[in-house]
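Here's the structure, in structure tokens; my notes come after.
The values are calculated or read from the model by the stated rules, or taken from the named source; none is laboratory data. The model shown is predicted, which means the values in this text are computed figures rather than measured ones. Don't worry about glycine lacking a Cβ; one is built from the backbone with ideal geometry, like all the others, and counts go over all protein chains shown.
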Amino acid sequence: MRKFKAIVFDFDGTLAMTMEDNFRAWKRAVAEHGLKIKPMDYYPLEGLSVYEVPRKLFGAYGRETPNPRELVKTKEVYYKEAHSFAFYPGALVIIEVLRRNGMKTAVVTAALQERLRHTVPDGFLEKFDALVTGEDTRHGKPSPEPYLKAVEKLNLRPEDCLAVENAPLGIESAKKAGLYCAAVCSTLDRSYLTAADEIFASLEDFNNSVIQTMSF
């Protein structure tokens, strides 16, 4: 892995163990409209705009999509009622190591900022030099727009930045934006992540590689 000036992290499923909670919330929300979904109906959609998720879920079963904005509101309520937020091992460590060594960092996520701030510890998001949430772009992943927005906020070039992702739509977004992309097998196996430049078994494995090779 070559040296970079910034590392840009996806949030759900990369830094935070939130995918199961998000799935359960979506499952409850769509069940109110008679749709039963399985985890693998949802997990590959990670990174997609929250307003596009219901269209994909209902469309996969040949169903007309109810009002997406109302579905998202319902889903967010269920998430807040029953989430069990936790970071992946190594998430807090790598952020602090990068900060101490002058490396810029950012978060690029499809999550809505209100939900994000409701769940993360106070002050966590302020550790990053840039934050791009679902409200900040017209097009979500797999469009390059979210990563290009982060690069702009960091005042860097795409080739100066390393993206860390856990799902195919996020990888596609980062690569289209011109970033080098590392993927972690936190929620999906390697077969879903082959478009990444490098694949790691876990975030901790990624951290070890960064610390060993970048030498700041």
### Query
Out of the stretch 13-65, which residues are part of a loop (DSSP other than H, G, I, E, B) and of a type in the set (A, V, I, L, M, F, W, C)?
Leu15, Met17, Leu35, Ile37, Val50
### Message
Consider the stretch 152-194. How many of its residues are part of a loop (DSSP other than H, G, I, E, B), small (Gly, Ala, Ser) and closer than 16 Å to Gly13 by Cβ?
### Response
2
### Query
Restricting the first residue to the stretch 163-181 and requiring it to be without any contact (Cβ under 8 Å) to a residue 40 or more places away in the chain, which pairs with a second residue that is basic (Lys, Arg) and in a helix (DSSP H, G or I) meet a Cβ separation below 8 Å and a spacing of at least six or different chains?
Cys181/Lys175
### Query
Looking at the stretch 130-153, is at least one residue over 28 Å from Ala25 (Cα atoms) and either among the hydroxyl-bearing types (Ser, Thr, Tyr) or in contact with a His (Cβ under 7 Å, 6 or more places away or on another chain) (or both)?
no
### Summary
Considering the stretch 137-151, residues that are over 13 Å from the mean Cα position of the chain (by Cα), in a loop (DSSP other than H, G, I, E, B) and crowded, with 20+ Cβ neighbours inside 10 Å, and then whichever is modelled with the lowest pLDDT, we arrive at Thr137
### Summary
Per the filter on the stretch 111-136, residues under 14 Å from Tyr147 (Cβ atoms) and of a type in the set (A, V, I, L, M) are Ala130, Leu131, Val132
### Query
Out of the stretch 43-53, which residues are in contact with a Phe, Trp or Tyr (Cβ under 8 Å, 6 or more places away or on another chain) and surrounded by fewer than 21 Cβ atoms within 10 Å (Cβ to Cβ)?
Tyr43, Pro44
#### Entry: Cross-chain or 6+ apart pairs with Cβ under 8 Å, the stretch 1-16 first and closer than 12 Å to Phe85 by Cα and aliphatic (A, V, I, L, M), then at pLDDT 95 or above and assigned to a loop (DSSP other than H, G, I, E, B)
Leu15/Tyr88; Ala16/Ala86; Ala16/Tyr88
### Task
Taking only the stretch 78-95 into account, find how many residues are at pLDDT 95 or above and exposed (fewer than 14 other Cβ atoms within 10 Å of the Cβ).
2
## Note on the structure
Within the stretch 66-112, the count of residues that are assigned to a helix (DSSP H, G or I) and either acidic (Asp, Glu) or within 26 Å of Phe206 (Cα to Cα) (or both) comes to 13
### Task
For the stretch 127-136, indicate whether the set of residues that are touching a helix residue (DSSP H, G or I) at 6+ places or on another chain (Cβ under 9 Å), in contact (Cβ under 8 Å) with a residue 12 or more places away in the chain, surrounded by fewer than 20 Cβ atoms within 10 Å (Cβ to Cβ) and in a helix (DSSP H, G or I) is non-empty.
yes
